[in-house]
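Q: I have a structure I would like to understand better, so I am pasting it below and will then ask my questions one at a time.
The values are calculated or read from the model by the stated rules, or taken from the named source; none is laboratory data. Treat the numbers as computed from the prediction; the structure is a model and nothing was measured. Don't worry about glycine lacking a Cβ; one is built from the backbone with ideal geometry, like all the others, and counts go over all protein chains shown. Remember, those area values only see protein heavy atoms, side chains included, never the ligands or the DNA or RNA. Shrake-Rupley method; radii C 1.70, N 1.55, O 1.52, S 1.80 Å.
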Amino acid sequence: MALPTYASPLEKIWHYAYLAICAAIFFFLIAPIVVVIPLSFNAEPYFTFTEKMLSFDPEGYSMRWYNSLLTFGMTNPGAPKDLSWWADAWQNAKWIKAAKSSIIIGFFSTILATVLGTLAALGLSRPEMPFRRVIMAVLISPMIVPIIITATGMFFFYSNPCAPLSWIGLNPSCGKLAGTYLGVILAHATLGIPFVIITVTATLIGFDQSLARAAASLGANPRTTFFRIIMPLILPGVISGALFAFVTSFDEVVAVLFIAGPDQQTIPRQMWNGIREQISPAILAVATLLVIFSIALLATVEMLRRRSERLRGITPH
C-alpha cells in the first residue's frame, strides 16, 4: 500500500518500521516450517544441512526418506515393486498403518464432532436459550483447559466409564474405552467440538432469522426449514468447523498417548516414537507432507469463508 503524498516524515518512518516488524514476525513464524522442507531431501541421515546441500550438489539431495515411509516395517522391502510388494507395504509398513489409523480416527471423530457441534451451535444461537454463556463456556472448555489435564481426565474416565454411576449406588458392568478405537474417536471428537461450535456460531451471527420464520409461515416444518433454508447458508461454517476438527484429530498426540492402545498408532504417535526410539529424517519427510496437507486445508477454509460472505451479501476481503 503506497503512502499518500501528504504523509509526514514521522508517518513514513512508522510505515516502513511497521512493514519491517511484520516481515520479522512472518519470518519468525515461517522459518521453522520452511527449514524442514529442504532437510527432508537430505541424502545423509542428518538433521542439518550438509556441505553438498549448501553447494546445491545434486548428490546431496535424495528421496530416500520419502521412500522409507513406504518400506519401514515391511517384511521384504527389497522385493520387486509388484502387487505383492504394495500389499506388503499396505499391511506392514508402519507409516502407512499410522496414516490409515489417523484417517479412520479423524474421519469418524470429525463426523461426530460436526454433528454435535452444529446442533449445539444452533441451540446456543437462539435468544431464548437459558444459561447460554455458561453452556458455551463448558462446551469450549476442551480448547481452553490444558490438554494434559483433559487427557488425564479422559484416561481415568475411559478406563471405567461406569464409575460415576457407583456414586448413586449403581454398579453396572461396563467395558473400558481406553485402548480402543472408539475411545480415541470419542476423545478426538471432544477436542474437535469446540472448533465446530465457534465456526458455526460465527456463521449464525449473520443469519437472518426472519428467513426461518418466513418458511414456517409458508407451511414448512422444522426439518424442511433446516435442510432447505438454514443448512445451505451455514454450510460453509459447518465445513470449516469439520476441517478444523479433522486437523485437530490428525495432529493430536497427547490424548493418544494416554488413551490409545498398541493398535491405535497414529501419525503423531509414530513421529513421537520415532523421536524417542529411532532418530530418522523420515520424520522430516512426514512433516513436509503434513505442511502441504495443512496448506491445502487452510486454502479450502479461506475459499469457504469467502463463499459464506458472498451468501450473506458481504463483500469478500
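Q: Which of the lysines could a cross-linker span from K81 if the Cα-Cα distance has to be under 19 Å and same-chain partners fewer than 8 positions apart are dropped?
A: K94, K97
Q: May I pose another question? Rounded to the nearest 10 Å², what accessible area does R305 show when all protein chains are kept and the probe is 1.4 Å?
A: Solvent-accessible area, nearest 10 Å²: 80 Å².
Q: Short version: ³J(HN,Hα) in whole Hz for each residue of the stretch 289-298, in order, from phi by Karplus 6.51 cos²θ - 1.76 cosθ + 1.60 (θ = phi - 60°), x for Gly and Pro, what are they?
A: Ordered by residue, 3J(HN,Hα) equals 5, 5, 5, 4, 4, 5, 4, 4, 5, 5 Hz.
Q: Another question, if that's okay. Could you give the dipole magnitude of the chain about its Cα centre, charging the beta-carbon of Lys and Arg +1 and that of Asp and Glu -1, in debye to the nearest 20? Spell out each step's value before the answer.
A: Details: 21 positive and 15 negative charges, 213 e Å.
Computed charge dipole of the chain: roughly 1020 debye.
Q: Tell me which residues come under 5 Å, amide H to amide H, from A260 once H is placed; ignore anything under 5 positions away on its chain.
A: HN-HN under 5 Å from A260: G179.
Q: Right, next: When the accessible area of the stretch 12-61 is split by element with a 1.4 Å probe, what percent falls to carbon and sulfur? Let's see the in-between values first.
A: On the way: 2990 of 3850 Å².
About 78 percent, which is the carbon plus sulfur part of the accessible surface.
Q: Please report the relative contact order for the chain, taking Cα pairs under 8 Å with a sequence separation of at least 6, and give it as a percent rounded to a whole number. Kindly include the intermediate steps, with their values, before the conclusion.
A: Values: 350 pairs, mean separation 75.3, N = 317.
Value for the chain: 24 percent.
Q: How many nm is it between the label spots at A296 and A17, if each spot is 7 Å from the Cα in line with the beta carbon?
A: 4.4 nm
Q: Separate question: Using a Gaussian network model on the chain with a 10 Å cutoff between Cα atoms, which of T224, T152, T248 fluctuates the most?
A: Ranking T224, T152, T248 by mean-square fluctuation puts T224 first.
Q: Follow-up question, since we're still on this one. For the chain, report the accessible area per residue in Å² (1.4 Å probe, heavy atoms, rounded to an integer). It would help to have the intermediate numbers written out before the result.
A: On the way: 19290 Å² over 317 residues.
Value returned for the chain: 61 Å² of accessible area per residue.
Q: So, one more: Just how far, in whole angstrom, is the stretch 241-287 from the stretch 82-96 if you go by their alpha carbon centroids?
A: 20 Å
Q: Binning at 20 angstrom from zero up to the longest distance, how are the C-alpha pair distances of the chain distributed in percent?
A: Reading the bins upward from 0: 23, 47, 27, 3.
Q: Quick one: which residues, 5 or more positions from N42 or on another chain, have an amide H under 5 Å from its amide H? H modelled 1.01 Å from N in the peptide plane, none for Pro or chain starts.
A: The answer is S62.
Q: Could you tell me which residue out of I292, T248, A137 lies farthest along the dipole of the chain toward its positive end? Charges go on the beta carbon: Lys and Arg +1, Asp and Glu -1, centred on the Cα centre.
A: Farthest towards the positive pole: A137.
Q: Something else: Among F49, F41, F27, which one shows the biggest mean-square fluctuation in a GNM of the chain, springs joining Cα atoms closer than 10 Å?
A: Largest GNM mean-square fluctuation: F27.
Q: Work out how far the C-alpha atoms of the stretch 12-61 reach from end to end along every principal axis, then list the three figures in whole Å, largest first.
A: Result, largest extent first: 48, 18, 11 Å.
Q: If you plug each phi of the stretch 5-16 into the Karplus form 6.51 cos²θ - 1.76 cosθ + 1.60 with θ = phi - 60°, what whole-Hz ³J(HN,Hα) values come out, in order, with x for Gly and Pro?
A: 5, 8, 5, 7, x, 5, 5, 5, 4, 5, 4, 6
Q: Tally Lys/Arg at +1 and Asp/Glu at -1 over every other residue whose Cβ is under 14 Å from the Cβ of V253; what's the total?
A: Details: positive: R269, R276; negative: D251, E252.
Value of the local net charge: 0.
Q: Which listed residue (P262, T225, P38) has the Cα farthest towards the positive end of the charge dipole for the chain, taking +1 on Lys and Arg C-beta and -1 on Asp and Glu C-beta about the Cα centre?
A: Going by the Cα projections, it comes out as T225.
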